[in-house]
1. Just the residues that are modelled with pLDDT of 90 or more and either outside any strand (DSSP E or B) or of a type in the set (A, V, I, L, M) (or both), please, taken from the range 117-137.
2. For residues in the range 35-54 being free of Cβ contacts under 8 Å to residues at least 60 places away in the same chain and assigned to a strand (DSSP E or B), which is surrounded by the most Cβ atoms within 10 Å (Cβ to Cβ)?
3. Surrounded by fewer than 19 Cβ atoms within 10 Å (Cβ to Cβ) and at pLDDT 85 or above: is that true of ARG96 in this structure?
4. Out of the range 87-116, which residues are under 18 Å from GLU25 (Cβ atoms) and not in a strand (DSSP E or B)?
5. Could you list all residues from the range 47-61 that are modelled with pLDDT under 95 and either under 12 Å from TRP29 (Cα atoms) or polar (S, T, N, Q) (or both)?
6. Please count how many residues of the range 1-46 are at pLDDT below 95, of a type in the set (A, V, I, L, M) and farther than 17 Å from GLU81 by Cβ.
7. Select from the range 114-136 the residues that are of a type outside the set (D, E, K, R) and over 19 Å from PRO19 (Cβ atoms) and write down the one among them that is surrounded by the fewest Cβ atoms within 10 Å (Cβ to Cβ).
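The values are calculated or read from the model by the stated rules, or taken from the named source; none is laboratory data. Note that the coordinates shown come from a computational prediction; the quantities given were computed from them, not determined experimentally. In this analysis, Cβ positions are derived from the backbone assuming ideal geometry, glycine residues included, and neighbour counts consider all displayed protein chains.
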Amino acid sequence: MAMVHLQNGNLKRFAPNGPADVDRETPVWVRKGFVKDGEFEHRYPSDNGEILLEIMELERLEIALFPPGELLTGSGEAVVEPLSPLPIGASLDVERGVFYWIPGAGFLGDHQLAFLVKDAFGNVKRRYIHIRIKPKF
């Protein structure tokens, strides 16, 4: 699986060396709702490496795979690649490593996300995020 990154403003692709391990230690930073400058909350993976997030139907979700505002590498690279298609209405900022989603009406239940993430040292790991959407009413 190739990964996407930006270098000098150009979109490039590269493949990790060998299979990527599951990241069982690194948190994600989560912000819910529509408050633009709201606080991010840390969420750590479980023993199996999955991060569980619960939101309400129509609630905005922002997931930073790196600390918010952190320069990912000295060369301007950003390296995040989804391992499966993103849900309808979702977007991924590959330069900042941030996933955005406002699930539409009826997107209830469980949704699985999987990403390859490359850190500033060139380490590539898989990140699994489980999003559970509950009814608003």
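1. Those that are modelled with pLDDT of 90 or more and either outside any strand (DSSP E or B) or of a type in the set (A, V, I, L, M) (or both): ILE129, ILE131, ILE133, PRO135.
2. ARG43
3. Working: surrounded by fewer than 19 Cβ atoms within 10 Å (Cβ to Cβ): yes; at pLDDT 85 or above: no.
Spelling it out, it is not the case that ARG96 is surrounded by fewer than 19 Cβ atoms within 10 Å (Cβ to Cβ) and at pLDDT 85 or above.
4. Within the range 87-116, GLY97 is the sole residue that qualifies.
5. Within the range 47-61, ASN48 is the sole residue that qualifies.
6. Result for the range 1-46: 1.
7. First, pick out the residues of the range 114-136 that are of a type outside the set (D, E, K, R): 114-117, 120-124, 128-131, 133, 135.
Imposing the further condition that a residue be over 19 Å from PRO19 (Cβ atoms) reduces the set to 120, 129-131, 133, 135.
Details: ALA120: 14, ILE129: 21, HIS130: 15, ILE131: 22, ILE133: 22, PRO135: 11.
Looking at residues that are of a type outside the set (D, E, K, R) and over 19 Å from PRO19 (Cβ atoms), I get PRO135.
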